[in-house]
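The values are calculated or read from the model by the stated rules, or taken from the named source; none is laboratory data. The shown structure was predicted, so the numbers you read here are calculated from the model rather than taken from an experiment. Every residue, glycine among them, receives a Cβ derived from its backbone with ideal geometry; neighbour counts consider all protein chains shown. Quick note on the areas: whole protein, heavy atoms, side chains included, nothing else; ligands and nucleic acids left out. Shrake-Rupley method; radii C 1.70, N 1.55, O 1.52, S 1.80 Å.
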Amino acid sequence: MIYLVFSEGYCASAGGELTRADLSAEAIRLGRLLVELLPQPEVTGLLALMLLQESRRSARSSPRGQIVLLEDQDRSLWNREHIAQGLSLVQQALASGRFGPYTLQAAIAAVHSEAQTAAATDWSQITALYDALLRIEPSPIIELNRAVAVAMRDGPLAGLELIDALLARGELADYHLAHAARAEFCRRLGRTAEARAAFQQALALAKQEPERQFLTQRLTELSD
């Protein structure tokens with residue numbers, strides 16, 4: 001429940017704002033309290049995950065509220081105190097050998113936080129962590145995230161093939177981010193007509209205004 005609250009604060013499911021800082025802050029407060037009351041590795045991993053994700057808040061949107069993708073973020077805006085706390089906690093949880101999906105997600109966030117630039121990101125390590133995560137918590141969303149990591153490691157065609165296989169199964173047919181990811185890989189491959197169709201499908205499914213604005217901008221760029 002704490003992570004559900006955080007997730008809604010980190011990326012609002014609908015409405016005019018990308019994030020809700022009040023919800024994220026409350027979830028982290030409750031996470032700290034839970035670590036005190038229940039000092040178990042996976043609880044520690046949950047707090048680490050929230051801190052590492054929250055560390056990027058200031059860089060995730062422009063002053064006008066527009067989405068800034070992870071690869072384009074100004075990393076000097078990342079909260080270094082949150083990152084230091086998160087890294088310490090995830091190392092503690094991993095060292096226990098008794099961790100679960102929250103700790104593995106925190107480890108993925110840690111790899112991102114340790115990269116000085118987007119180009120320096122260790123996508124092989126991230127892909128391996130997603131492999132481990134899928135073994136203990138199979139999920140089409142995790143498969144989608146892994147497909148993105150594979151694309152960053154091996155190129156957009158490799159990611160596109162994985163996403164197409166996922167969409168063919170039907171589980172993510174109504175998930176706008178799956179179509180947005182497919183559109184982005186098609187765009188990078190120069191498959192403009194497919195990219196445009198996928199962006200339009202993602203736009204039809206998106207409920208959050210900043211995401212809709214981002215998708216609309218991508219469509220405009222493809223039309224130019």
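Things worth noting here:
- Compared with the dominant principal axis of the Cα atoms in the chain, helix 101-114 is inclined by about 70°.
- For the range 66-118 versus the range 11-37, the gap between their alpha-carbon centres in whole angstrom: 16 Å
- Gaussian network model of the chain, springs between alpha carbon atoms under 10 Å - residue of GLY16, GLY86, GLY97 with greatest fluctuation: GLY97
- Principal-axis analysis of the Cα atoms of the chain puts helix 192-205 at an angle of about 60° to the longest axis.
- The accessible surface of the range 1-140, taken with every protein chain in place and a 1.4 Å probe, is 55 percent carbon and sulfur.
- Of SER58, SER76, SER88, the one that fluctuates the most in a GNM where the chain has Cα springs shorter than 10 Å: SER76
- Here the contact order of the range 1-82, divided by its residue count and restricted to Cα pairs under 8 Å and six or more residues apart, works out to 24 percent.
- Within a Gaussian network of the chain (alpha carbon springs, distance under 10 Å), most fluctuating of LEU133, LEU160, LEU69: LEU69
- Rounded to 10°, Cα long-axis angle of helix 156-169 versus longest principal axis of the chain: 90 degrees
- Summed over the residues of the chain and divided among them, the accessible surface reaches 50 Å² per residue at a probe radius of 1.4 Å.
- Placing +1 on the Cβ of every Lys and Arg and -1 on the Cβ of every Asp and Glu, with no other charges, gives the chain a dipole of roughly 120 debye about its Cα centre.
- ASP72 accessible area, assembled protein chains, probe 1.4 Å, Å²: 100 Å²
- Dipole of the chain, positive end: most advanced residue of MET1, ALA180, GLN73 [Cβ charges, Cα centre]: GLN73
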